[in-house]
Amino acid sequence: MEVNEVVENVPIQGNPELYLKMNLRMKWNEVTQTQDSYRPVPVWSGEVPFVSKVHSPIEYYRRFIDEEILQHICNESNRFALQADINNTLCLSPDELEKFIGVSFYMSLVKLPRTRYYWSSDLEIPAVTNYMSMRRWETIKTYLHFANNDNMPDKGTPGYDRIYKIRPFLDLLNSRFNDIPMSEQLSVDEQMIPYSGTRGPRYYVKGKPNPWGFKAWVLADSMGIVYNYDLCIGTTPRQVGHPNIGSIGNTVLKLASLIPDNQNFKLTMDNYFSTLPLFYELLNRGIHCMGTVRLDRVSGIKDIIASDAEIKSLGRSAFIEYEGKLGVKGKKDIRVLRWHDNNFVNLMSTYSSAYPTDTVTHWDRNKETNAAKVTVTCPSTVKVYNCNMGGIDTMDSLLGFYRIFFRSKKWYHRLFFHFVDMALINAWLLYRRDFNSYSESSGKPMRLYEFKANVSLVLRKQCKPIKRPVGCPSNSASNTNLSVPSDRMQHNTKIPQKDVIDDPEGHFVVALDKRGMCAVKGCYSRPIFYCIKCQVYLCLSAKKNCFAKFHGFDLESANIPH
């Protein structure tokens with residue numbers, strides 16, 4: 001009985017025994033490279049929602065780290081502080097937790113060898129010292145917690161979870177990532193979270209830039225936007241509605257569970273994940289797959305596939321393509337491409353074909369003399385794979401630029417700061433996607449450094465009072481550690497973020513000895529009044545109130561005595 005007859009009579013989906021028959025009876029044929037061998041790419045029927053405006057950086061960030069997550073962390077941290085010492089009241093609020101994260105973001109942008117150096121008298125960094133004391137920052141970091149220890153199951157009992165201490169936070173954040181509108185091209189890969197400690201579910205992966213650490217499975221698009229993730233803590237069980245196709249295949253099915261069916265999404269992966277049962281299971285849902293493949297996982301193809309010597313005899317950049325029929329009456333097929341470049345490349349796809357070919361230029365590693373660039377023939381499948389694979393690598397490289405990295409005895413702190421960084425980079429990538437698709441956008445989008453600095457500043461300032469240094473008199477601005485402009489800044493006023501300007505809290509005015517240019521557009525006065533929160537000069541008198549105009553106060557509707 002042929003595999004086509006098996007599929008026609010009994011659906012393979014949900015019947016793991018038939019996968020074995022499919023692998024044993026798979027028929028492969030070599031594809032003759034002509035115009036008839038071209039396979040059109042299925043048209044994607046989904047869409048990314050229309051963007052009516054480009055939001056501010058803090059709005060993108062708060063799509064992920066929202067009030068619910070902040071309140072959950074505050075509740076568990078306060079509970080943990082009481083469990084550690086009944087007389088210890090942490091009293092952590094969501095606003096203060098945001099300030100803590102904002103200070104941590106700033107520390108990742110301006111790196112120092114030790115965290116206590118940010119409060120040292122020699123360096124005197126106002127972006128940190130003005131908003132939180134060293135003792136308070138370290139106290140919050142010490143008691144930062146995400147689950148109730150009293151409810152943690154013991155090891156070996158039902159319900160035991162190796163990442164119980166961080167699981168609620170991961171699930172809440174992942175649900176926010178799941179709500180992001182998906183792009184057409186997606187990819188699955190593993191991600192290493194660097195960690196050199198000895199606790200927690202850490203792994204060693206040889207050949208990685210960070211071989212020791214936690215391992216996560218990630219679903220992302222070609223830009224690097226993460227839509228789903230799953231922290232690796234062992235084998236992945238069978239997924240509901242699917243057959244058991246092995247731990248790795250079950251992991252991909254779990255990540256791809258949120259991809260809409262029958263909309264022709266394209267999913268790319270490497271040879272660690274690619275198997276025939278996985279490709280066929282996703283194809284039944286209308287999700288097309290492509291990936292590098294290990295030939296020993298493709299049953300039946302070794303009987304007819306060309307050897308390395310045979311392909312080398314055909315010359316540089318030679319390739320051979322094979323086709324195996326799947327689906328009802330053979331309407332669904334799968335193709336395997338074997339291409340000879342600097343090394344042999346094996347690709348398997350359910351939607352792409354080698355024809356038409358193109359030429360690419362790259363370095364020839366086989367030159368015995370000096371390295372030189374050569375032009376080689378490149379099948380279409382290879383070009384599609386190179387364009388769509390690598391979104392997780394992009395996310396890894398972005399995380400490495402300005403990573404929050406604090407030493408801690410608690411292993412789950414490393415995971416918390418990693419995923420907070422991931423949330424911010426996801427926000428930045430969404431901002432760039434909206435900026436590029438919005439027709440009225442002008443100029444260039446923010447760089448990651450500028451975006452993170454913007455979010456850090458708003459988290460530290462918005463709805464938070466400025467901390468006055470202990471021992472400084474309240475009526476003397478010159479004796480405080482508050483940021484006072486230099487002579488150079490007086491002629492180049494930098495307007496703060498709109499979220500900071502509109503914030504109704506903490507806009508204190510002080511009179512300085514030096515004058516500066518008014519921040520209101522069209523006003524050329526040089527007042528002495530200075531807004532501590534916005535860090536700009538503003539006119540403030542009975543005849544001219546630029547302070548109210550700058551902050552959007554409506555003096556006409558206010559009940560002010562005359």
Exercise for the section: First compute the accessible area of segment 98-161 with a 1.4 Å probe, then give the percent of it belonging to carbon and sulfur atoms. Expected result: 49
Fill in the blank from the handout: For Val374 the rounded accessible area (nearest 10 Å², probe 1.4 Å, non-protein molecules ignored) is 30
Handout entry: Computed over segment 118-198: relative contact order in percent, which uses C-alpha pairs under 8 Å that are six or more apart
Key = 17
Exercise for the section: Mind pulling the angle between the C-alpha long axis of helix 134-143 and the longest principal axis of the chain? Nearest 10 degrees, somewhere in 0 to 90. Expected result: 40
Problem - Ranked packing of 153-165, 64-76, most packed first, by mean Cβ within 10 Å - result: 64-76, 153-165
Handout entry: Protection proxy ranking of 223-229, 398-404 - average other beta-carbon atoms within 10 Å, highest first
Key = 223-229, 398-404
Completion exercise
Carbon and sulfur atoms account, in whole percent of the 1.4 Å probe accessible area of segment 214-335, for 48
Fill in the blank from the handout: Lys and Arg at +1, Asp and Glu at -1: neighbours of Ile311 with Cβ under 13 Å from its Cβ sum to -2
Handout entry: Diffusion coefficient, µm² s⁻¹, Stokes-Einstein with Kirkwood Rh over alpha-carbon pairs of segment 374-452 at 4 °C and 1.567 mPa s
Key = 84
Fill in the blank from the handout: Under the Karplus relation with 6.51, -1.76 and 1.60 and θ = phi - 60°, whole-Hz ³J(HN,Hα) for segment 263-279, x at Gly and Pro, equal 10, 6, 5, 10, 10, 10, 8, 9, 6, 5, 9, 5, 9, 4, x, 5, 4
Practice task
Kindly express, to the nearest 10 degrees and within the range 0 to 90, the angle between helix 16-25's C-alpha long axis and the longest C-alpha principal axis of the chain.
Solution key: 50
Handout entry: Degrees separating the helix 391-401 axis from the principal Cα axis of the chain, which is the longest one
Key = 30
Fill in the blank from the handout: A correct Stokes-Einstein calculation for segment 333-405, using the alpha-carbon Kirkwood radius, 10 °C and 1.306 mPa s, returns a whole-number D in µm² s⁻¹ of 108
Handout entry: Among (i) 147; (ii) 194; (iii) 229, the entry derived from the coordinates for volume of the Cα convex hull per residue in Å³
Key = (iii)
Exercise for the section: First select every other residue whose beta carbon is under 9 angstrom from the beta carbon of Glu321; then total the charges, Lys and Arg +1, Asp and Glu -1. Expected result: 0
Exercise for the section: Within 10 Å, count the other beta carbons around each residue, average over each peptide in 195-202, 528-535, 123-130, and list them highest first. Expected result: 528-535, 123-130, 195-202
Practice task
Please state, rounded to one decimal and in Å, the Kirkwood hydrodynamic radius that segment 159-247 gives when every pair of distinct Cα atoms enters the mean of 1/r.
Solution key: 14.8
Handout entry: Considering only the chain, percent of DSSP beta bridges that pair antiparallel, nearest 5
Key = 85
Problem - Under 14 Å, Cβ to Cβ, from Met269 - net charge with Lys/Arg +1 and Asp/Glu -1 - result: -2
Handout entry: Solvent-accessible heavy-atom area per residue, rounded to whole Å², over the chain at 1.4 Å
Key = 50
Fill in the blank from the handout: Diffing segment 39-51: the Karplus 3J(HN,Hα) column from phi (6.51, -1.76, 1.60, θ = phi - 60°), in whole Hz with x for Gly and Pro, holds 10, x, 6, x, 7, 6, 9, x, 7, 8, x, 5, 9
Problem - Calculated log₁₀ intensity ratio I(q)/I(0) where the Debye formula runs over C-alpha points of segment 170-327, q = 0.10, 0.13, 0.19 Å⁻¹ - result: -0.45, -0.73, -1.27
Handout entry: Hz values of 3J(HN,Hα) by residue in segment 299-314 - Karplus curve (6.51, -1.76, 1.60), Gly and Pro given as x
Key = 5, x, 7, 5, 6, 10, 5, 6, 6, 4, 5, 5, 6, 4, 5, 7
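The values are calculated or read from the model by the stated rules, or taken from the named source; none is laboratory data. Computed from a predicted structure; not experimentally measured. Neighbour counts are summed over all protein chains in view; Cβ atoms, including those assigned to glycine, are modelled from backbone coordinates with ideal geometry. Heads up: the accessible areas ignore ligands, DNA and RNA and are worked out on the full protein's heavy atoms, side chains in. Shrake-Rupley method; radii C 1.70, N 1.55, O 1.52, S 1.80 Å.
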